[in-house]
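Asker: Below is the structure I would like to discuss, written out as structure tokens.
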Amino acid sequence: MDKVLTLIAGHGTDGLDSSLVSEVRGAFRALGAEVGTARWLSPERACDLDFAGLDTRTADSLASRILEGWDVDVVAQASEGRRKRLLVADMDSTMVIGETLDELADFAGIKDHIAGITARAMNGEIGFEAALRERVGLLKGLSAECLQQTWDRIAFTPGAHALVRTMKKHGAFAVLVSGGFEFFTSKVRDACGFDIDIANVLKVEDGKLTGQVGDTIIGREAKLTTLNSYAAKLGITPELAVAVGDGANDLDMLRAAGLGVAFHAKPVVAAEARVRVDYGDLTALLYAQGYTDADFVTA
């Protein structure tokens with residue numbers, strides 16, 4: 001069989017009921033597909049179903065309808081090339097919980113205002129570059145000490161460390177690319193084990209933010225370029241990359257990657273991305289590649 005369907009229960013749920021898996025198998029067979037028995041990647045949490053005779057979009061749609069109302073993510077893909085050699089990940093609301101710029105704005109007393117602009121930019125309602133410059137401009141004069149104080153508030157998304165460390169152990173190259181700032185991406189890079197981080201430069205003079213960013217803005221186009229350039233450096237096609245993000249500026253790289261995952265994404269991204277993780281944590285990306293619990297590197 002040349003395709004695989006992965007079912008992944010969200011964490012904090014009761015798990016994946018084997019009767020639901022049987023129902024999905026039965027529905028596939030009713031359409032004339034050949035379907036294997038469940039191969040459990042994590043007991044009552046994630047399983048694979050090998051299949052043939054259905055295209056991946058039909059399989060994804062059918063399984064999603066059956067599992068509607070259950071907190072289960074569905075990934076249908078070709079079996080060949082499933083294990084990826086390149087990871088390209090967004091930072092804010094993906095590798096870490098929340099938006100670092102919004103948290104930084106809290107120290108200036110304008111978090112709600114900044115967060116409103118952020119939300120519109122991440123949902124594609126306004127241009128990312130203009131929105132970034134506007135938000136940073138509002139922080140002019142803020143003490144640079146607030147950067148570390150902001151970092152002290154930041155929490156990693158569950159599964160962040162395992163995702164990067166497990167893929168790297170198995171030979172993948174890991175890139176963190178963010179529309180946020182190098183101050184924060186460098187810390188995420190070191191903590192998770194990314195090979196490289198790429199982000200915007202937040203200008204500081206005399207211990208205070210100038211309200212300006214570097215000339216080159218890391219946005220939608222830069223993220224796509226990053227994926228393509230690192231795939232070329234590794235001598236692979238983007239089909240052997242997994243990309244993950246939540247905002248509109250991630251959409252192009254998600255479309256280009258072999259496994260492009262909209263992670264707990266903004267509405268416009270969730271609507272356009274083929275692969276979505278709405279319920280699981282970042283380990284869902286490992287299950288989607290066929291890794292089992294025993295493969296995970298957690299320390």
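Asker: So, L54, is that one surrounded by 16 or more Cβ atoms within 10 Å (Cβ to Cβ), modelled with pLDDT of 95 or more, within 20 Å of R82 (Cα to Cα) and among the hydrophobic types (A, V, I, L, M, F, W, C) or not?
Answerer: no
Asker: Still on this structure, please answer the following. For region 130-150, give me each residue that is touching a residue at least 60 places away in the same chain (Cβ under 8 Å) and surrounded by fewer than 18 Cβ atoms within 10 Å (Cβ to Cβ).
Answerer: Within region 130-150, R133, G137, L138, K140, G141, S143, A144, E145 qualify.
Asker: Are any residues in region 199-223 assigned to a loop (DSSP other than H, G, I, E, B), touching a residue at least 60 places away in the same chain (Cβ under 8 Å) and under 14 Å from L132 (Cα atoms), and if so, which ones?
Answerer: Hits for region 199-223 are I217, G219.
Asker: When you go through (1) in a helix (DSSP H, G or I); (2) modelled with pLDDT of 95 or more; (3) over 12 Å from the mean Cα position of the chain (by Cα) one by one for G290, which number turns out not to apply?
Answerer: (1)
Asker: Moving to a separate point now. Which one of these does A78 not meet: (1) among the small types (G, A, S); (2) surrounded by fewer than 16 Cβ atoms within 10 Å (Cβ to Cβ); (3) modelled with pLDDT under 95?
Answerer: Single failed check for A78: (3).
Asker: Report yes if some residue within region 3-14 is surrounded by fewer than 19 Cβ atoms within 10 Å (Cβ to Cβ), among the basic types (K, R) and either farther than 25 Å from R83 by Cβ or modelled with pLDDT of 95 or more (or both); otherwise report no.
Answerer: No, the conditions are met nowhere in region 3-14.
Asker: Which residue is surrounded by the fewest Cβ atoms within 10 Å (Cβ to Cβ), if the candidates are limited to region 173-190 and must be touching a Ser or Thr at 6+ places or on another chain (Cβ under 9 Å) and of a type in the set (A, V, I, L, M, F, W, C)?
Answerer: Here the residue is F183.
Asker: With respect to D73, is the statement that it is closer than 21 Å to T283 by Cα, among the acidic types (D, E) and assigned by TED's automatic domain parsing to the domain that holds E221 true?
Answerer: no
Asker: Considering region 87-97 alone, what residues qualify as being out of contact with any helix residue (DSSP H, G or I) (no Cβ under 6 Å at 6 or more places or on another chain) and outside any loop (DSSP other than H, G, I, E, B)?
Answerer: Hits for region 87-97 are A89, V96.
Asker: Hey, any hits in region 178-198 for a residue that's among the β-branched types (V, I, T), over 17 Å from V242 (Cα atoms), in a helix (DSSP H, G or I) and not assigned by TED's automatic domain parsing to the domain that holds L86?
Answerer: No, that holds for no residue.
Asker: Which one is nearest to the chain's Cα centre (by Cα), of the residues in region 98-117 that are surrounded by fewer than 20 Cβ atoms within 10 Å (Cβ to Cβ) and part of a helix (DSSP H, G or I)?
Answerer: Per the stated criteria, the residue is A115.
Asker: Here is a list of conditions, (1) part of a loop (DSSP other than H, G, I, E, B); (2) in contact (Cβ under 8 Å) with a residue 40 or more places away in the chain, and L41 meets all of them except one; can you say which number that is?
Answerer: Only one criterion in (1) part of a loop (DSSP other than H, G, I, E, B); (2) in contact (Cβ under 8 Å) with a residue 40 or more places away in the chain is unmet by L41, namely (1).
The values are calculated or read from the model by the stated rules, or taken from the named source; none is laboratory data. None of these values were measured; they are calculated from a predicted model. Cβ: placed from backbone, ideal geometry, glycine included. Neighbour counts: every protein chain shown.
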